1. Mind scanning A:LYS123/B:LYS587; B:LYS84/B:LYS637; B:LYS361/B:LYS495; B:LYS291/B:LYS361; B:LYS361/B:LYS496; B:LYS291/B:LYS438 and naming the pairs with a C-alpha gap bigger than 27 Å?
2. How crowded by other chains is B:58-68, given as the mean number of beta carbons from other chains within 10 Å of each beta carbon?
3. I need the Debye-formula profile for region A:40-157: one equal scatterer per C-alpha, no solvent, reported as log10 I(q)/I(0) at q = 0.16, 0.18 1/Å, two decimals.
4. For chain B, what's the relative contact order in percent, using C-alpha pairs closer than 8 Å and at least 6 residues apart?
5. Taking 37 °C and 0.692 mPa s as the conditions, I'd like the Stokes-Einstein D for region B:1-179 in µm²/s, using the Kirkwood hydrodynamic radius from alpha carbon pairs.
6. Under 23 Å between alpha carbons, and skipping anything fewer than 8 positions from B:LYS401 in its own chain: which lysines qualify?
7. For region B:540-647, give the magnitude of the charge dipole about the Cα centre (Cβ charges: +1 Lys/Arg, -1 Asp/Glu; no others), in debye to the nearest 20.
8. Rank by packing, highest mean first: peptides B:166-179, A:140-153, with packing defined as the count of other Cβ atoms within 10 Å averaged across residues.
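Just so it is clear, none of the values below were taken in a lab; they were calculated from the coordinates. For clarity, every value in this text was computed on a predicted model and none was experimentally measured. Virtual Cβ from ideal backbone geometry, glycine too; neighbours counted across all protein chains shown.
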Amino acid sequence: MQKSLRSGIQGRAKFIIGGLLILAAIIYLIVSATQANAEYFMTVDELKSKGNTLVGRNLRISGAVVGDTIQYNPQTMNLTFDIAHVPGDNAAIEMGGGLAAVLHAAVTDPSRARLTIVYNGPKPDLLRDEAQAIITGHLGDDGIFYADSDGLLLKCPTKYQEAVPSQVVNGN
Amino acid sequence: MLAQFGFGVFALTFLLALFSVGAAVVGYFDKSDRWVEAARRAMLLTFPLVTLAALTLAYLLVTGHYELQYVYSVTSNDMPFYLKITALWGGQAGSLVLWSWLMSAFVSAVTLRKWERDRELLPWVIVVTSITLAFFLSLSIFYENPFARWWQTTAGDFVPRMFAPAGAIPVSPADGQGLNPLLRHPGMILHPPMLYLGFVAFVIPFAFAIAALVTGRSDDRWIRLTRRWTLVAWLFLSLGLVLGMRWAYDVLGWGGYWAWDPVEIAALMPWLTGTAFLHSVMIQEKRGMFKQWNMLLIILTYSLVIFGTFLTRSGVLSSVHAFSESAIGPMFFVFIGITFVTSVALLIYRWKDLRAEVEMKSLFSREALFLLNNLMFMGVLIVCFWGVIFPLISELVTGQKVTVGPPFYQRANAPLFGALMALMGIAPLSAWGKSTYKTLGRALWKPSIPTAILPLVLALLGVHNWIALVGFTLVAFVIFVTLFEFWRGVRSRQKKQNENFPIALWRLAGHNRRRYGGYLIHLSMVVMAIGILGIELYQTTTQKTLAVGEDIQIAGYTLRYDSLAQFPYTDGRIVTRAVMSVFQNGKLLGELYPRYDYYPASGQPMTIAGVRSTLADDLYVVLVNWENVSEAQAPFKVYHNPLVNWLWIGNLMFIFGFLVAAWPEREEEKREGKI
């Protein structure tokens, strides 16, 4: 009786220890992978205020494309352009009269903070004046933002999803 | 008129679903079989009704009733017939109709039987399925109405409404915007219905589980009754996932198949719990263990199914799949919350009744290894869940929005997937109950010998990436173990029954379909792993702007840019197509036609890669969509994807293995009265 009880406890102990080890391993995997791969969302202002402390981190930054600054060499596929600061949260964008208005204001306001982006790859068609750019990459020592390959995402504020009928015929 | 008819049918079905919830509850508590029977018959009616509404919508789509906002947003005059049909699930409102339609089909299939033997479960199966159906119908009726039409208000705005706003006049556009070009692909015809079939079919085992909890049945009857539903749900969910991968590979033009997009993860999560469930129910059937765990798994699977639909349909997370933001988000949240809390409360209430019949003894027994397998699936689930909600949590806690990208998932999941592969190799050789490392070792050493040779051979061949070495070794291990199992079974049959090899193999698998079908599915998984290891570890890419006659090199191939053509296609899109010749060692292998299509109606471009696919590798060429593309300069991006074809081959093997595992066994069917 005594013996079987003890072996029962021992039996359970090894499962509990094994389970805890596995749990610890999974937590370790998640924590270490999160630390190594966290990507910080930032606006241009936030990035500028933190300055060089961000060098080397994975960053995702959004802003308005300044059309005159776009330079592209099709032979080397070198693309550089500036983005101007736009507020990060949706409420502020709504307050500013919607995304298109906010982007327009950002580009036409010369006092806005700007950031130079360098990207190596084909120039996307959507890269135009006043487009919203979301760029993943990292900040260099030189204050220039180097985008990852495939790190350039562009959105034009005209969402065709929400468009209303264009060719309307009245009645049924 | 037709739109009002469709809407009316929907409303009627909604009321009918509510009625059967009430009737089933009354029938259960009053012990009145007449009420239960009424509820059953009401549920039987939902399928023809929702079919009628869905057909109405399909008819409106095909005949171009652009006065309806949904029709306007997903079809246009120049779309071919089959695409107008698939437009049914090309948008938010329509995909909810598809959900309801499949749900009603399954509910009717279940209630088609009278369930004399398990009558006590029936009312609660009806309650769970009716509530789920009513929830989805209510979304269509109150929030995402596919039958809403355009009105012009007195202020001059165009609004979609079911009923006329005051003073508004109806408007009818002559043409629609057309389906999102990305969805005009054969993979897209099947991907959403497959995924939804998988999602919806998991509701059935969940409903039986809840019925078992409410009625206090602690045996494995609910599992046996729904085994086939679970298998079917799992098959379609798996196929839906793989079709989605194939679609991404063919259409999105970034050289990959899986981006750890939140919505992809949303579809993967119920697959993870479903797969864990599929394994752990075997333990309950064989040993009477894991009862509470199985309940928890099916509850989680159901919640994740709804959560998956919610993520795709609410616009909470930005992704390629997300439709524009919608009001249905909070509704989903409330529904998931209520169903999850209620189910878990029920489970806690019955917790003691669901205790294991025997205690687990050995760390090396098959049940212990199954438990380990389940823990690994849960580990992957936690990694995925964490990755999806991490941005929300970090924003709440620190105010700083932080996300984790694909490298997070790869890094955290790779060891877990590796452990799962190792378990796939070890578990089939373990024994139930008492099993020590010695008995397990005796079973393992034979297949371990050829496995041990493989990494040495690979290293000599120049493979020095240790992840690749471990990965391919595990693949080989599973293959050897599985073949060894087949061989062992066939040999013993040959000796005992004196059969020749093919007959012995046929009968072995035929008499043990679940087991040997399962082994084939394991094989298919590691074959897929070959493709995944190949593309994940050895993909190379290069890009260059070329003039006609110039070439670009990658992985021993030379691609020469020969010509460029631009022409309109019958459905209105403008095609820009390049011709490239592929050479290897100076020998011409063939031509590739990377192109991009521009859809003027929607302003959407679509990139179609030129792909040369062999068992060894894929050459994947993208003509980059750029306004100044010409014969003098065109930017190309080239990917070399080693072994990726094995991913698709593995999937075909998977279907075969599934058919072996799930093919009805006639005698057993009669004996157990399964559905």
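1. Flagged as over cut-off: A:LYS123/B:LYS587; B:LYS84/B:LYS637; B:LYS361/B:LYS495; B:LYS361/B:LYS496; B:LYS291/B:LYS438.
2. Per residue, the number of nearby Cβ atoms from other chains is 1 on average.
3. -0.69, -0.87
4. Working: 1151 pairs, mean separation 66.6, N = 675.
About 10 percent, as a whole number.
5. It comes out at roughly 191 µm²/s.
6. List returned: A:LYS48, A:LYS50, A:LYS155.
7. Around 100 debye, computed over region B:540-647.
8. Working: B:166-179: 17.8, A:140-153: 15.8.
Order by mean packing, descending: B:166-179, A:140-153.
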